[in-house]
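Q: What follows is a single structure, and I will ask about it in a moment.
The values are calculated or read from the model by the stated rules, or taken from the named source; none is laboratory data. Values in this document were obtained by computation on a predicted structure and should not be read as measured data. As a convention, Cβ positions derive from the backbone with ideal geometry for all residues, glycine included, and neighbour counts pool all protein chains shown.
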Amino acid sequence: MKTRRTILVEVMATLILASAFWWTIISRHPVTSTVVSPNSIVVIDPGHGGRDPGAIGITGVWEKQVNLAVSLALSSDLRERGVTVYLTRASDQAVNRSGPYSVKNDLLARSRFAKQHHATLFITIHSNIEPTRTMQGPIVYYDTHSAASSQLAITVSQSIHSLMGYNRPPRPINQLVLEEAEVPAVNIEIGFLSHSRDSAQLITPSYQRTLAQAIASGLIQYLHQRGYGP
């Protein structure tokens, strides 16, 4: 008959063996923590639309049409690279379609759209115009109060310069639609509709795709720098 001391010794031995067994299992299959980069969401905002044509180029083209065409090309390029993209508008319409129309309400609707879709980045696309008809090429504007927006603008500008040759430094701007987005946000003025060459190029699908590729490359580079994955 086993004594209490013998039973206690056997129990202790069993516990020691069990501990050794589980330690061996854990050692062979260590628990590791993996950090998965969050997916990026880019909201693209084709400027103007609907009753608001924006600028009218020297050839009679409406800014809202050019903005939409380049925005659609940009969204297609980004989606091919695995980025989730939402457009504030995908046709010729105002973004704010509830209540009385005003430019301010329409701009706020664009920023609100970005918030509702949990944007990582907010990109609004516009076309420039100026009276001398001599200026040309894209310019990237960023929210004056946002260091992240400034860095985004620098990265996109460098990509445009690398792929297309235009070398215009980004510029700060106080713009409601950028300030209200509350994420890194830039306004990319894709060219001058008042310049004969720009105006002709901006209505050409091949040029629109090349410009979209340059912008997309800059956006992807910025996202990767901050740990986002497609």
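Q: Looking at Leu211, Leu223, which one is at pLDDT 95 or above, assigned to a helix (DSSP H, G or I) and under 24 Å from Ala55 (Cβ atoms)?
A: Numbers: Leu223 fails: under 24 Å from Ala55 (Cβ atoms).
The unique qualifying residue is Leu211.
Q: Can I ask one more? Inside the stretch 85-106, can you point out the residues that are hydrophobic (A, V, I, L, M, F, W, C) and within 18 Å of the chain's Cα centre (by Cα)? I'd like the intermediate steps shown before the answer.
A: Just the residues of the stretch 85-106 that are hydrophobic (A, V, I, L, M, F, W, C), to begin with: 85, 87, 90, 94-95, 103.
Val85, Leu87, Ala90, listed by residue number.
Q: Consider only pairs whose beta carbons are under 6 Å apart and that are at least six residues apart or on different chains; among these, list those whose first residue lies in the stretch 126-147 and is hydrophobic (A, V, I, L, M, F, W, C) and whose second residue is in a strand (DSSP E or B).
A: Pairs that qualify, where the first residue is hydrophobic (A, V, I, L, M, F, W, C) and the partner is in a strand (DSSP E or B), are Met135/Phe192; Ile139/Glu189; Val140/Val186; Val140/Ile188.
Q: Only residues in the stretch 105-119 that are basic (Lys, Arg) count as the first member; pair them with residues that are buried (at least 16 other Cβ atoms within 10 Å of the Cβ), Cβ under 6 angstrom, at least 6 apart or cross-chain, and list the lot.
A: Arg110/Asp45; Arg110/Thr88; Arg110/Val95; Arg110/Val177
Q: Related question: The conditions are (1) surrounded by fewer than 14 Cβ atoms within 10 Å (Cβ to Cβ); (2) without any contact (Cβ under 8 Å) to a residue 24 or more places away in the chain; (3) within 20 Å of the chain's Cα centre (by Cα), and Gly82 fails exactly one of them. Which is it?
A: Going through (1) surrounded by fewer than 14 Cβ atoms within 10 Å (Cβ to Cβ); (2) without any contact (Cβ under 8 Å) to a residue 24 or more places away in the chain; (3) within 20 Å of the chain's Cα centre (by Cα) one by one, Gly82 breaks only (2).
Q: Looking only at residues in the stretch 145-166 that are polar (S, T, N, Q) and modelled with pLDDT of 95 or more, which one is farthest from Ser75 (Cα to Cα)? Give the derivation first.
A: Initially, the stretch 145-166 is screened for residues polar (S, T, N, Q), giving 146, 149-151, 155, 157-159, 162.
So of that shortlist, the ones also modelled with pLDDT of 95 or more come out as 146, 149-151, 155, 157-159.
Numbers: Ser146: 24, Ser149: 20, Ser150: 22, Gln151: 21, Thr155: 18, Ser157: 18, Gln158: 20, Ser159: 17 Å.
Among residues in the stretch 145-166 that are polar (S, T, N, Q) and modelled with pLDDT of 95 or more, the one farthest from Ser75 (Cα to Cα) is Ser146.
Q: Does the stretch 171-202 hold any residues that are surrounded by 22 or more Cβ atoms within 10 Å (Cβ to Cβ) and either assigned to a loop (DSSP other than H, G, I, E, B) or among the polar types (S, T, N, Q) (or both), and which are they?
A: Ala181, Pro184, Asn187, Leu193, His195, Ser199
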